[in-house]
Structures are given as structure tokens and as C-alpha cells.
Amino acid sequence: MKQIFLPIVTPLAAALLVLCAPKKSNRMKEALALAGAAVNLFVAASLFNKNVNFSAPWLGFGIDLSLRADLLAGFILIAAAGFGFLVTLYSLAFMSDKASAKQFYFYLLVTLCLVNGAVLAENLFLMLFFWEGLLLTLFGMIAIGGKDSYKTAIKAFTIVGVSDLCMMIGIALTAHLAGTLAMSKISLSFTPMAGLAFTLLMIGALAKAGAMPFHSWIPDASLASPLPFMAFLPAALEKLLGIYFLARISLDMFRLSPGAWPSAMLMIIGSATILLAVMMALIQKDYKKLLSYHAISQVGYMVLGIGTALPAGIIGGLFHMINHAMYKSCLFLTAGSVEKEAGSTDLEKLGGIGLKMPVTFACFLIAAMSISGVPPFNGFFSKELLYGAALERGLVFYAAAALGSFFTALSFLKLGHAVYLGRIREENKNVKEAPWGMLFPMIALAAGCVIFGLWNKFPIHNIIQPIVAGEFSESMNAKIILATVIILCAALIHHLVSVKLRKRAINAVDNIHHAPMLSVIYDKAEKRHFDPYDIGLKAVSVFVWSAFLLDRMNDFIYNRLAPGCLGLAGRFISRSHSGNFATYIGWSILGMLIIVIFLMRGL
Amino acid sequence: MNNGVLAFSIIFIPLIGALLLPLAGRISRGLRNALALVFVASSFVLSLKLIPFVMSGHTLAINKPLLMGLNFTLNVDSLAVFMAATSSLIGAIIILYSFGYISHYENQNEYYLMVVLFLGSMMGIIFSANLIFLYMFWEMTAIASWRLIGFFRKDSDWMRADKAFLVTMFGAVMMLVGFIYIYSKTGSFDIPVIRGILSARPLPDMAVLLILFGIFTKSATLPFHTWLPDAGIAPSPVTALLHAAVLVKIGVYVFARLFVVSFEMSQAWYTAVPLIAGLSAVISAGAALVEVDIKRIVAYSTISQIGFIFFGLSTSHKIGVTGGLLYILMHGMAKAGLFLSAGIIEQNAKTKDITRMGGLIKTMPLTALSFLFCAFSVMAIPPFGGFFSKYLVFMGAIEDGSFVLTFLFLLGAILTILYLLRMFKFIFLGDLKIEAREGSRIMVASVVLLAALSLAAGIFVNYPNRLVQMVVR
């Protein structure tokens, strides 16, 4: 079989095997799932840095089965396979006592198959096929989380499904404008129509990546779904896929330049996402929910970076994408360890368990410093690139990004302090370290953060830069670094002072939460007044009711009006047949008169 | 067997066979049921046998002159064979399901007679190349459907059946006037002859308008659609038949037969038809989000999806036509699956109100899964079949340059996701409110079969696609 099919076929075959595995044996399906993920990793690695093409005719109309592996695709492929393997390994311990484990592995492997297919697809329609197929596993993976998770599953399905439909139109429009569905042959400049096509495709990409306003299912899912799902999809694979496609459309298919309006649109969406989501993350009092808001906020950086349309920004955005996948996945996994061992992710019920779970704590520290942009971890370097590009495009974008970093640092100081430091609570006295099967993936991801930080030149030069055309300056802007350091120190000082004043780490940001003006907005946000999903549904329901009324009015014609008129006419005619001879004569004369007048008219 | 005889048997085996069923029912129920299935299934098998013939690019016209210029003309081409295979396949599965569903009601002889007659007349419409015979078969389906909608014989059932009959009859008579109008211009009822006389000139607008009345009433399109949700009082296999396999597809098929492959319309119709279809799609999707009766929701969903089919067929681009025709197949299978699942649910939960159901996925997992699969197909989620047809319809429309209409239909597609998910949530998820058992084995099997076919049609989409592309070549 052609090598390029392997990343699609292998996980699918493994998934089907898992589905067929006998019910009783837990070990069997776990072994199958792990083997599937491992073989997938191997297959992805074997495709790395190769240029392979495949094409076969399919439906006609430019729709064919064409696949292409290039550097960018190979990179995403191997990253996705890596996360797939680590999350599977982690789930062996985490999901061992859950009844839904079998379904979980099945969905996980199918997800890998679909992600690989979407990344390798060269034909836009084929890509949509895999891309939209992810809806099924998304729905399934959330729905198995618990009794009420189906509500979140439906929310996620609706949001992502609607944006996928927009993308479907976008793809058809792009094909119409470019005359082809082959991604590598499309090259459009921004006419108004092409701008519309770009926007529709962008909606699909952003919804997959979880940027605002398509984000609101992620915080819900963080509580409703099984935890490895969060580390796997919203934290890692969906970001990889969404940003991958955003990069593809902005770099290859449309000629995004700093002067084009979609560039400004992307930067505004990015900045808004960074700030709004991080503000929400700041006040969360649940480990997983706090992380989920950061998973949204960080997409903002990637979107902002690509939106700058400058080489440094795009490289920074892509580098941030892979960095984020590593540290956010790692953070979610630490949350899973805490949930499994301490029985809760509610910050009120946690505290001081850092010494009980030293490895988890260490991994958390590394990942938290990465996300906050502390040198020399990976997040620092990608953010510096982004800052430089954002500053070049406008101070306001830089300010948004920098302010976002300040709040990110604040919220992780609060989170780490509240969970791992401070006095240990009575119910947490017996907490143990997580089993090795769960620790290893965390350690691997944390090590990745360190490696990509210390040797950041390696991934940037060998993987990301060849993707992006154009030169960018290596040297870092000293002023920006200084500003970053000041921001981080300010956050630390704020935290220390605040904890001193308020005694508890969990209250460290209360001065922001309860600030005048802000507190009102926060209250409304907590009550979900700003959820775009709810607002959208309300708008739809207005439309729906008017459609329903229109329909009822239409039905009224058939049920009442038409029979009523016929009945009236019938009654009139039957009454006129009264049997009265004089009346009949009258009718006849009237009729004759009409005929005579009609005939006379012609004369 | 000669291909002409094949086409002839496809029509007349079920049509004449139907009349034997009440007699067979006197002898044994099993025999009658088996015969009903055999008659319809033989239509399916025979139409499959015609596929190689039409795939090689051949067509066949059979002409038997009768008195007064009414010629019995049959036309075997890829469109007819595609439609015959689709309808008879779905029809056969529905009959299979009826074995379980209808087994504890009275008047079963009548039921099977009408259902098989219904499908036979459908085959007649499909192969007729003479407008008068088309009209006759068309009215035979109307009579059969009138009888079937009122099957349960309550007063309200009669009212609804009469409504359906009167509305479609009104349209059919308008259509007949349209046919006569064409005759007055061209002197013939035979489609190939008329085509020769018109020679690429468009049909007169008056005729198109009159025929569209017939098509829109039969295919339940705004503003003639409200009989279809009302027909939900019929037994579930019958509603499946009306919605998925036969009745509403007749209008769509005749539209394709007359206005896509045979005649030209003047340019304005290519804007008017999709506009009406779009409004129909959006407004009925809105109504589907308000209704709480399970069968009415699915009925509004049908009206909405029919809009998409018209949208595809009325594009002048062959991508759209391919999409529209594939849509007939994909929607037929998925919608039949939805209706038959609804039948299982309604029979076992003893209610049609979705707000009173919940959590049924625990007691009827197979039905739930099949329902979900069919819903995914209607929503256009890959790898289910509906994904391909919906994409092709959209792509055809965009190639045509009708951007505004595309966004109208995008709204329709979004609402489709909303109402199907809403229905699934209310029926199958949440707390178990009514302890309803799973349906009988044969009913569940036919539903599972339809769900599997919806999936298979997506994975092996190229087989129907190649047949359909013969039509638009």
C-alpha cells in the first residue's frame, strides 16, 4: 500500500479492532489502543520531511482523492501522533475504572485517523470530508463524560457544525473563484468575493481552534467531558488543525499581506480573544475550567501572529501553536492527576499538595512558566516573536498581547499557589503521587517545553521557517524583552502583595474581580449573558417563531379559509334553490338580460 | 431478458401483483406479506439489472400506439433507472418494516394492496414518456395515498386524508391543464416528440407555471406544503413511504424529467424555483424547531430538504443537478430511517410528543443509534451520504453565481442541524421518562439497514455518483 495512506488507515484499523475487542478484557482493548497510537506515531515519523504525492480520480468536478505530505503537514502529523500516543498512555491509568473507556479509545483513534487525513488532504473537498468528520468524535467524546454531558456535547456539535457548514460554502466559493480544488494550485488575491471566501474558511479554522466567538463550549466541556479529551482535542489537536488550516489559507491559498483587510480582521479577533478569555480565566475557581479559558486565550496569540502577515508573526504563531499544545496538554494532564488523586479540581477544596505530588508539581511549574512566557521556556520565545510582529503592526495589538501575558501570569500564580502550596487541607492528607503511566506523558511534555525553549533555534529553523516565505530578523528587540520581564515581575509582586492582604491564594485576584465596573461585567459573564451560543440561539428562536407563525397562517388558508369560502358559496347556491317558482323566473330573466347585454355589446 | 420487457415488468409486476394481494391474504398472511415484498423487491432487482445497460450510455424508447393519439411510451434512461432503483429499494425496506408494524392492526389486506399499488404507480411515473400516462399514474398514487393516510379511519384521519388528496388533486389538475396547453402548441403528449418540435426553444411560461403547481403540491413545497405534516396521522411506514420513497419524490422526479433532462424553461424560472424552494426550506425548518410532535418535525424536515433538492436541480450547472439527484437517494434513505425509527418510538412509548420522552437511548440503543446515523446524513456530516449531496448542491449553486440563495440555504442547513439535534436530545437523552421497549426484531433490523445504507452510500458514493453523472452528461 502507498505509504501516504498509512497515517489514515492505521488508526482506523486500530479503532475498529478496539471496537471489536471482547467486552470483558480491559487489557486487550488498552493494549490495542496503545499499539495503534504507537504504530501511528511510527508511521507519522516515517513520513516526516518527505514530499509524497498521491492522486486518484473520485467524484469528478475537480473532486479527487489527492493527498500530499510536505514539511508543514509532516510536522503537524508527527505532533498529532505524539499527543495521541501520550494521551493514550495517560488514559490507560486515568480511564481504567471508567465504563466508557472502550468508546473513548475508539473515538481517540478515529480522531487521529481524521486529523491525519485532514492534514494530508490536498484536495479541499477531501479535507472537508475528514475535517467535518471530526464532529462525530467530538460529540462522542464529550457525551461519554457523564450523565449531563450530552448538553455540552450538543452545544459543541452545534457550534462546530455550523462553522463547518460555513466552511463548506467557503470551499465551494474558493473552488469557484480559483477554478480548482487543489490547495497547492490556489492563489487568490483579495477581491471582495475572495474576501468572503477567506472569511468563511477562516470561520471554520477559528471554530476548530476554539477562538472567540466560537469558544463557549470549551469551558463547559472542561467540566463535562473525560479529562484526557481536554488534553487531547481542545488543548492540542484542534489547535494544531485549526491553526494549520489558518496558516494554509493565509500563506498558500490567499495572498495575505499586511495591507489586506483580512489581516486587520484576524488581528482584532486575536487580540479580543486573548484579552477577553484571559480575563475570564483569571477569576475561575476550578482547575480545569481555568485551564480551558487559557486554551481559548492562547489561540488569540496564534491568530494574532498569523494575522500580522509578517514573517516573524507567522513563525511566532506557528511556533506558539506547537508550544501551546505541549504546555497546555501538560497542564490538563496535571489537572487530571490532581483530580484522580485528590478527588476534586475545585480550588476551594485543594491546597498544599505540592509536596505530596512532587513530580506533578514540577511538571505544572514548568508548563505554567512556559505559558506565562518566562525565559528560557518555549512560550517565552514564541511570544517574543509575536510581540515584535504585533508591535510593528500597531502598538494597540502589542499592548493587548502584553496585557494578556500579565493576566496569564497572575492566574497561574494564583492557580499554582492555591493547589500546590499553602497549608494542606485535612481531606488532602492522604494524597499520593499519580501512577507512572500518568506521570510519563507529563514529564515528556514538560521536557518538550524545556527543549523547545533552550534549543528554540532548532524547530524554528528546520521546521517552521522553511514553511514561511520571507526573511525575518533573528535578533530580539531588547526593549520588548525588558517589558516582558517587567510585566512578569509586576505580576509576581501583585500576587505576593495580594496574598499577604487577603490571606488566601485563591483570593489573590479579588481586587480585579471586584473592581468597580469590572465586577458588574464579571457578574453578567458568570451568569452567561455573553455566551455567543445562547445569544445565537435566541436570535434563531425569534426567526423560528416567526417562521412557525407564517406556516400556521398558510395552513389557515387550507384548514379554514378555503373550506369556509366553499361552504359559504355552497350555502348560497343551495339557498337559491328554494323551490319558489317566482324566484326561478326572476333568475331566468336576470340571466337572459345578461346574455342580451353581452350580445349587444358587440354591435 | 430483453430490456424493454424488463422495464415493463418493473412497472407491472407490482401494479398487477398488488391486486392479487387481497386474494393471497385470504389464503395466508405469510404468503401475502412475502408476495408484497417479492413484488417490490423484484422492481428493485430488475432496475439493478438495467444499470449496466444505461451505464454504457444507451437509452431505450418503447412506443405502443393506442387510440386517439394516446401512446403508451416508456423511456429507459439513467435518470429513470436511478429513480426506480432508489424508490423500490426504500419501498422494499419499508414493506419489510411493515411486517412488524402493521401486524396488529385491522385491514391489512387493504394496506398491502395500497402500498404495492402505490409503488407500482410510482414506477409507472418514472418510466412514462407520455404526459397523459404520467398524469394517470400520478393520480393513482394520489388515490393510494388518500386511502393510506386515512388508514386508521378516525374522523380526524379522514379530514387529513381529504386535505392531502384535495391539495394534490388541485395541483394535478392544474398540471393536466398545462399538459393540454403543451398539446395545443405542439400537438403531442409524447415527451420526445414535443422535444423535437420545440427544438431547444423554452416551454411556454404558462405551461411551466401550471406544471409547477402540480409539482409543488405533490412535493409539498411552500405554500402548498401543509398537507404533509398533517398526513403524519398515517401509520409510520406509510409516512415513510410518502416522505422518503414515493410521494414527495414524484414531484422532484417529474421536475427533473421535464425541466432538467427534457425541456428548457425560460431564464426567470431558474431564479423563481430556487427562491420558492429556499423560502420553503427555511420556513419549514423554522416550524420544525417549534413543533413537538415527532412525526410533524420529521415532516417539516422533509419539506425543508425537498427545497435543497429543487435548489440543486434548478441550477443550470451539472454539478448542482448531480447533487440534487444524489440528494434524492441520500435523503430518501435517511428520511425513511428517521420515520421508521419514529414509528418504533411512537408505537412503544405510546406518545408522539417529544417533550414527554427522554433517555430512550438506554432502552432502545439500536434505534437510537440508527436514528442518529440517519440524522447525521440529513445534517450532511461525513462520512454519511448526505454530506456529498449537500456539498454538490451548494457547489453547483455557487458555480451558477447564485450567492444570495446559497446563504439562504446555508441558513436552512444550519437550522437542520438544530432541529435534528433538538429532536435527538428530547427523545433519547436525559432522564428516562417513559420505559419504552425496543421495537420488534424485524422493525429494528429495517431501521438499522437504512442507517447502514446511509453510511455505505457515503463511503461508496462513487457508485450512485457514476450513475447520476450519466444523467447530466
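The values are calculated or read from the model by the stated rules, or taken from the named source; none is laboratory data. If you're wondering where the values come from, they're calculated on a predicted model, not measured in any experiment. Virtual Cβ from ideal backbone geometry, glycine too; neighbours counted across all protein chains shown.
Couple of notes before you dig in:
- Residue check: A:Asp148 meets all listed conditions (1) more than 10 Å from chain B (Cβ to nearest Cβ); (2) of a type in the set (Asp, Glu); (3) out of contact with any Pro (no Cβ under 8 Å at 6 or more places or on another chain) but one, namely (1).
- Enumeration of residues in segment A:521-578 that are surrounded by 12 or more Cβ atoms within 10 Å (Cβ to Cβ), among the hydrophobic types (A, V, I, L, M, F, W, C), away from chain B (no Cβ under 14 Å) and free of Cβ contacts under 8 Å to residues at least 24 places away in the same chain: A:Ile521, A:Phe530, A:Ile535
- Within segment B:217-256, restricting attention to residues that are of a type in the set (Val, Ile, Thr) and not in a loop (DSSP other than H, G, I, E, B), the residue that is farthest from the other protein chains (Cβ to nearest Cβ) is B:Val254.
- For segment B:325-339, the condition of being among the β-branched types (Val, Ile, Thr) and within 14 Å of chain A (Cβ to nearest Cβ) holds for none of the residues.
- Residue list for segment A:579-588, restricted to those being in a helix (DSSP H, G or I) and loosely packed, with under 10 Cβ neighbours inside 10 Å: A:Phe581, A:Ala582
- Which numbered condition A:Trp131 fails, given (1) within 10 Å of chain B (Cβ to nearest Cβ); (2) in a helix (DSSP H, G or I); (3) over 16 Å from A:Met183 (Cβ atoms): (3)
- In the set A:Ala491, A:Ala569, A:Ala478, only one residue is among the small types (Gly, Ala, Ser) and touching a Leu at 6+ places or on another chain (Cβ under 8 Å); that residue is A:Ala491.
- Some residue of segment B:428-444 being at pLDDT 90 or above, of a type in the set (Phe, Trp, Tyr) and crowded, with 19+ Cβ neighbours inside 10 Å: no
- Considering the conditions (1) in contact with a Leu (Cβ under 6 Å, 6 or more places away or on another chain); (2) within 13 Å of another protein chain (Cβ to nearest Cβ), A:Asp164 is excluded by exactly one of them, (1).
- Inside segment A:1-29, residues that are part of a helix (DSSP H, G or I) and either of a type in the set (Gly, Ala, Ser) or surrounded by 13 or more Cβ atoms within 10 Å (Cβ to Cβ) (or both) make up a count of 20.
- Residue among B:Ser219, B:Ser184 that alone is at pLDDT 85 or above, of a type in the set (Ser, Thr, Tyr) and more than 20 Å from the chain's Cα centre (by Cα): B:Ser184
- Within segment B:61-85, if we keep just the residues that are in contact with a Ser or Thr (Cβ under 6 Å, 6 or more places away or on another chain) and small (Gly, Ala, Ser), the residue that is surrounded by the fewest Cβ atoms within 10 Å (Cβ to Cβ) turns out to be B:Ala85.
- Qualifying residue in segment A:62-75 (condition: under 30 Å from A:Pro466 (Cα atoms) and assigned to a loop (DSSP other than H, G, I, E, B)): yes
- Among residues of segment A:7-33 that are closer than 14 Å to A:Ser100 by Cα, those with a Cβ under 6 angstrom from a residue that is of a type in the set (Lys, Arg), sequence gap 6+ or separate chain, pair up as A:Val18/A:Lys29; A:Ala21/A:Lys29; A:Lys29/A:Lys102.
- Some residue of segment B:275-290 being farther than 27 Å from B:Ile125 by Cα, within 14 Å of another protein chain (Cβ to nearest Cβ) and more than 22 Å from the chain's Cα centre (by Cα): yes
- Residue in segment A:30-40 that is farther than 20 Å from A:Leu114 by Cβ, assigned to a helix (DSSP H, G or I), out of contact with any Gly (no Cβ under 9 Å at 6 or more places or on another chain) and not β-branched (Val, Ile, Thr) present: yes
- For segment B:262-281, the set of residues classified as crowded, with 18+ Cβ neighbours inside 10 Å and within 14 Å of B:Leu134 (Cβ to Cβ) consists of B:Phe263 only.
- Residue match in segment A:570-579 (condition: modelled with pLDDT of 90 or more and of a type in the set (S, T, N, Q)): no
- Residues considered: A:Ala172, A:Ala182. Of these, the only one that is within 8 Å of another protein chain (Cβ to nearest Cβ) and touching a Gly at 6+ places or on another chain (Cβ under 9 Å) is A:Ala172.
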